[in-house]
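Please treat every number below as a calculation from the coordinates, not as lab data. Fair warning: this is a prediction, and the values are worked out from it, not measured in the lab.
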Amino acid sequence: MSTTAVTPTTSTTSLVTERRRRRAADREDDTRRTNWWATAVIAVCALTVLIPLYLAVVVALKTPDQLVGGTGFEWPNPVRWENFAEAWERTQFPQALLNTALITVGSVVFTMFTSSVAAYALARNMHRPFFKGVFYYLLAALFIPFPIIMLPLVKQTAMFGLDNQLGVIILYTVYGLSLNVFIYSAYIRSIPLELEEAARMDGASTWRVFWQVIFPLLTPMNATVGILTCVWAWNDFILPLVVLTDPGTRTLPLAQYVLQGQYNTDYTVAFASYLMAMAPLLIVYIFSQRWVISGVTRGSIK
């Protein structure tokens, strides 16, 4: 009796196990299949980036006569490396690079600090009318174009003595507050309140809860906000143009503007300077991509 009772159960278990194994194999086969439509779209998008990049490299290595005589896509023969040396001297590249790096690093640090703190205060008090009104007030700032407030801004920065690098850093921090608070607050609201309550039961203050519990969990958002702010501050032209008054503090985009005259532009030297200005950001990305990707992965798991 006992033998006949066990046999159907064993067979059923074996059948269920076999079905699960087949389903797992089918799912593995599905993941290995190539989506050719998605691959084609990605390839086209890659070409839209690679073609202008190739054109920039080719133009930077040509002489003015080679640039005028062809379509622009031919590889130069001979290659003129002197364009980079000339761009280095005419733009005073070391000083401009130092000024740009100082403004960019300062903007990223101040932006991540102020935006995360403000977003935490708003996200945890959104049920109060005052904080909710402040949140929507910051969102409304996203719809104000910069040219509208540009002239009053120039007057105010000169009045308060902020027509320097510190003033540019403060303005990048303030202008990025709206979008960054929106990004941070949406992520903070997904963090369980039980984590904070457990820390408060251990005697942690609000400030300590933020720095030791919340801020370490903001790694993916810090990476996102840091990248957006870094690219913006590094490549921006209009804000340093209207704020900075000392020629010795000009950034790379301002220094490259000397290559453009009223009637002509030295394209070969200008493109060489563009590649030189782009290189530091590429180096930073190459060395930091592992931390950015791991931070995003941890954020998705949490």
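Structure notes:
- Summary of the geometry: segment 171-236 and segment 65-130, compared by the centres of their Cα atoms, lie 23 Å apart.
- Over segment 82-301, volume per residue of the alpha carbon convex hull, in Å³: 154
- Scalar couplings 3J(HN,Hα) for segment 172-182, obtained by applying the Karplus form with A = 6.51, B = -1.76, C = 1.60 to θ = phi - 60°, are 4, 5, 6, 5, x, 5, 4, 5, 5, 5, 4 Hz; x denotes Gly and Pro.
- The smallest convex shape that holds all Cα atoms of segment 34-80, its convex hull, gives 77 Å³ per residue.
- Relative contact order (percent, whole number), segment 106-250, Cα cutoff 8 Å, 6+ residue spacing: 41
- Relative contact order (percent, whole number), segment 22-166, Cα cutoff 8 Å, 6+ residue spacing: 12
- Taken one residue at a time, the phi angles of segment 276-284 give Karplus couplings (6.51, -1.76, 1.60, θ = phi - 60°) of 5, 6, 7, 4, x, 5, 5, 5, 4 Hz. Gly and Pro are set to x.
- What the pair-distance distribution of segment 78-159 shows, using all Cα-Cα distances binned every 5 Å from zero, is 3, 10, 10, 11, 16, 15, 11, 8, 6, 5, 3, 2, 1, 0 percent.
- Extents of segment 47-197, largest first, come to 68, 42, 28 Å (Cα atoms, principal axes, whole angstrom).
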